[in-house]
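Inspection log for the structure reproduced underneath, given as structure tokens.
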Amino acid sequence: MSIDTSGTIIPLAVQKQRNLPASTAFQWLGQGWRDLWNTPGPSLAYGLAVFIVSLAIVWGLFKLELDYILFPALAGFMVVGPLIAIGLYEKSRAIEAGEPVSLGRMLYVNAASGPQVLFTGAILCLLMLVWMRAAVLIYALFFGLVAFPGLDRIVHMLLTTPEGWGMLVVGTAVGGLFAAFSFAISVFAVPMLLDANIDAFTAMGTSISMVWNNLPVMLTWGAIVLALFLISLATSLIGLIIVFPLLGHATWHAYRAIK
């Protein structure tokens, strides 16, 4: 809660309820697109780095015969994505303030909250690991202690067996809960920690409030993020070079609109 100039107590839910139409999410995307091409070199380098690291992780999973966690790992990427994008928020913040932009500034971000950003990152990474573990347990629940058959056979198993259908239903439900929760706590928490000197739990709690009290526009924004991420997957992650910085810049504008 806060107190206005007349001494009236204003609940946090009221403060963060902007009544923005769902179409506003596309305005954020447009603003992110403009930031991307305002001194595009650093943003594209950022996206290229994310693509290379992501490709290396996928290659490592196959090399270590851990391909059974590939899909949960890709889904988990969306959990830690807001943290990785902090440099993109910094660029958009600098453009907004009329300050110079550079790749160095994006890589060495001086967040207002200091080490609270790292604490938030640890929490998000833990959540991603729990999500991945839950996916493995769901597989074991329906198929038992059977070795993962490989990506070439798992689709057939999922679509042609009763166990596969059951796993799809339960996995989708559980994954949806993880996705909704992780999206709510992280989408605005990291931009907030960059912008204000607050603690991690306050930032995550406020992020949940901002999402909950602006559901129409945030559901639209979540759908846009998911669609662009799927496009990136369809291009063998190459699309991340453009998509990741675009979403990072746009998320900053979403935060500023609802803040």
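The values are calculated or read from the model by the stated rules, or taken from the named source; none is laboratory data. Nothing here was measured: the structure is a model prediction, and the numbers come from that model. Because the Cβ atoms are built from the backbone with ideal geometry, glycine has one as well, and the counts that use them run over all protein chains shown.
Only one of Gly76, Gly47 is in contact with a Phe, Trp or Tyr (Cβ under 7 Å, 6 or more places away or on another chain) and either part of a loop (DSSP other than H, G, I, E, B) or under 25 Å from Gly171 (Cβ atoms) (or both). Can you tell me which? Can you show your working first?
Values: Gly47 fails: either part of a loop (DSSP other than H, G, I, E, B) or under 25 Å from Gly171 (Cβ atoms) (or both).
Being in contact with a Phe, Trp or Tyr (Cβ under 7 Å, 6 or more places away or on another chain) and either part of a loop (DSSP other than H, G, I, E, B) or under 25 Å from Gly171 (Cβ atoms) (or both) holds for just one of Gly76, Gly47, which is Gly76.
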> Only one of (1) over 30 Å from Phe188 (Cα atoms); (2) among the β-branched types (Val, Ile, Thr); (3) surrounded by 13 or more Cβ atoms within 10 Å (Cβ to Cβ) is not met by Val101, so which one is it?
Replying inline: (1)
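Tell me which residues, restricted to region 153-181, are outside any helix (DSSP H, G or I) and under 22 Å from Val130 (Cβ atoms). Quick ask: steps written out before the conclusion?
Kept after step one, since they are outside any helix (DSSP H, G or I), are these residues of region 153-181: 161.
Answer for region 153-181, where residues must be outside any helix (DSSP H, G or I) and under 22 Å from Val130 (Cβ atoms): there is none.
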> Hey, among the residues in region 208-244 that are among the hydroxyl-bearing types (Ser, Thr, Tyr) and modelled with pLDDT under 95, which one's farthest from Tyr46 (Cα to Cα)?
Replying inline: Ser209
>> Pairs needed: first member in region 62-75, hydrophobic (A, V, I, L, M, F, W, C); second member anywhere, surrounded by 12 or more Cβ atoms within 10 Å (Cβ to Cβ) and modelled with pLDDT under 75; C-beta distance under 8 Å; at least 6 residues apart or different chains.
In response: Leu70/Leu151
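When you scan region 72-85, how many residues do you find that are under 19 Å from Arg256 (Cβ atoms) and either surrounded by fewer than 22 Cβ atoms within 10 Å (Cβ to Cβ) or of a type in the set (Gly, Ala, Ser) (or both)? Working first, answer last.
As a first pass, look at region 72-85 and keep what is under 19 Å from Arg256 (Cβ atoms): 81-83, 85.
Retained after the next criterion (residues that are either surrounded by fewer than 22 Cβ atoms within 10 Å (Cβ to Cβ) or of a type in the set (Gly, Ala, Ser) (or both)): 81, 83, 85.
Adding up the residues that qualify gives 3.
Residues checked against (1) surrounded by fewer than 19 Cβ atoms within 10 Å (Cβ to Cβ); (2) under 22 Å from Tyr255 (Cβ atoms); (3) aliphatic (A, V, I, L, M):
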{"position": "Ile52", "(1), (2), (3)": "yes, no, yes"}
{"position": "Gly114", "(1), (2), (3)": "yes, yes, no"}
{"position": "Val130", "(1), (2), (3)": "yes, no, yes"}
{"position": "Phe142", "(1), (2), (3)": "no, no, no"}
{"position": "His156", "(1), (2), (3)": "yes, no, no"}
{"position": "Leu159", "(1), (2), (3)": "yes, no, yes"}
> What tally of residues in region 1-50 results from selecting those that are surrounded by 11 or more Cβ atoms within 10 Å (Cβ to Cβ), at pLDDT below 70 and among the polar types (S, T, N, Q)?
Replying inline: 1
